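A.B. asks: This is the structure I want to talk about, given as structure tokens.
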Amino acid sequence: MTQVIIIRHGQANTGAADHDIYDNLSTLGHQQAKWLGEYFDCIGLTFDRIYSGNLRRQKDTTSGINRRQVEHVIDKRLNEFDYFGLTHDLKHRLGIPYPTNQDQFKVQIYTLMTYWKENKISSSRETFEDFSQRTLEIATEISGKEEKALLVSSSGVIASLVGNLLSVPVEKRASLLLSLSHTSLNRFELICGDLTPTLFCATPHLDRPDWALARTFI
């Protein structure tokens with residue numbers, strides 16, 4: 001049975017209101033990646049190749065995981081959607097400000113995803129449909145290869161993939177995105193010819209009582 005494992009990157013620069021500032025792992029984010037690499041070694045899980053987008057937080061997470069120095073392939077289809085660009089357009093067109101806490105972010109990301117899907121806001125990079133298509137495309141493509149692959153991506157990509165495969169309405173995809181913790185494991189398998197989610201947001205490398213605060217979402 002072919003399977004693809006996709007993880008979210010480690011915790012980035014939480015609280016940043018700019019992509020370039022945000023796109024850096026925090027100290028904890030680096031540690032989360034290291035712990036995941038150690039967990040893979042502990043259970044004997046190896047990969048033929050690791051794929052990530054070209055975002056700094058994704059590449060640095062890969063470096064922390066990749067203790068065996070397997071081939072690392074950059075594929076921009078694993079990049080996150082243009083959150084900051086869409087947030088700027090949301091504020092410009094509708095006056096909805098950048099969130100400053102988790103409760104505000106929950107409301108904002110729901111509105112952002114819904115309005116993006118309805119073409120009420122836009123990104124210069126891609127449409128909602130283009131984003132959805134590329135996430136499904138790369139997962140399907142890699143699932144067809146005869147290799148054990150690990151994909152390092154972001155919460156929006158993983159939520160989009162789960163949403164597409166399970167036909168989740170867009171208003172519920174924000175909940176999927178919000179539930180994805182940093183460096184969480186998500187597995188997709190070909191079952192009867194269909195790519196199917198079989199594991200979502202698992203954190204076995206962080207499930208220790210003394211590491212409770214190491215499981216982060218923002």
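A.B. asks: Among the numbered criteria (1) surrounded by fewer than 19 Cβ atoms within 10 Å (Cβ to Cβ); (2) touching a residue at least 40 places away in the same chain (Cβ under 8 Å), which single criterion is violated by T61?
C.D. replies: Of the numbered conditions (1) surrounded by fewer than 19 Cβ atoms within 10 Å (Cβ to Cβ); (2) touching a residue at least 40 places away in the same chain (Cβ under 8 Å), the odd one out for T61 is (1).
A.B. asks: Check Y51, Y39, Y115, Y110 and return the single one that is under 16 Å from the mean Cα position of the chain (by Cα), of a type in the set (F, W, Y) and outside any loop (DSSP other than H, G, I, E, B).
C.D. replies: Answer to the check: Y51.
A.B. asks: Quick check: anything in the range 93-105 surrounded by 19 or more Cβ atoms within 10 Å (Cβ to Cβ) and at negative phi?
C.D. replies: No, the range 93-105 contains no residue that is surrounded by 19 or more Cβ atoms within 10 Å (Cβ to Cβ) and at negative phi.
A.B. asks: Something else: From T100, T62, which residue is hydroxyl-bearing (S, T, Y), part of a loop (DSSP other than H, G, I, E, B) and out of contact with any Lys or Arg (no Cβ under 6 Å at 6 or more places or on another chain)?
C.D. replies: Step by step, each of T100, T62 is checked, and only T100 is hydroxyl-bearing (S, T, Y), part of a loop (DSSP other than H, G, I, E, B) and out of contact with any Lys or Arg (no Cβ under 6 Å at 6 or more places or on another chain).
A.B. asks: To continue, here is another question. Within the range 18-34, track down each residue that is among the hydrophobic types (A, V, I, L, M, F, W, C) and crowded, with 19+ Cβ neighbours inside 10 Å.
C.D. replies: Answer for the range 18-34, where residues must be among the hydrophobic types (A, V, I, L, M, F, W, C) and crowded, with 19+ Cβ neighbours inside 10 Å: L25, A33.
A.B. asks: What number of residues within the range 72-92 satisfy the criterion of being surrounded by fewer than 19 Cβ atoms within 10 Å (Cβ to Cβ), out of contact with any strand residue (DSSP E or B) (no Cβ under 6 Å at 6 or more places or on another chain) and not in a helix (DSSP H, G or I)?
C.D. replies: Of the residues in the range 72-92, 1 are surrounded by fewer than 19 Cβ atoms within 10 Å (Cβ to Cβ), out of contact with any strand residue (DSSP E or B) (no Cβ under 6 Å at 6 or more places or on another chain) and not in a helix (DSSP H, G or I).
Every number in this text was worked out from the coordinates using simple rules, so none of it is lab data. Just so it is clear, the model here is predicted, and its values are computed rather than measured. Note: ideal-geometry Cβ built from the backbone for every residue, glycine included; neighbour counts use all protein chains shown.
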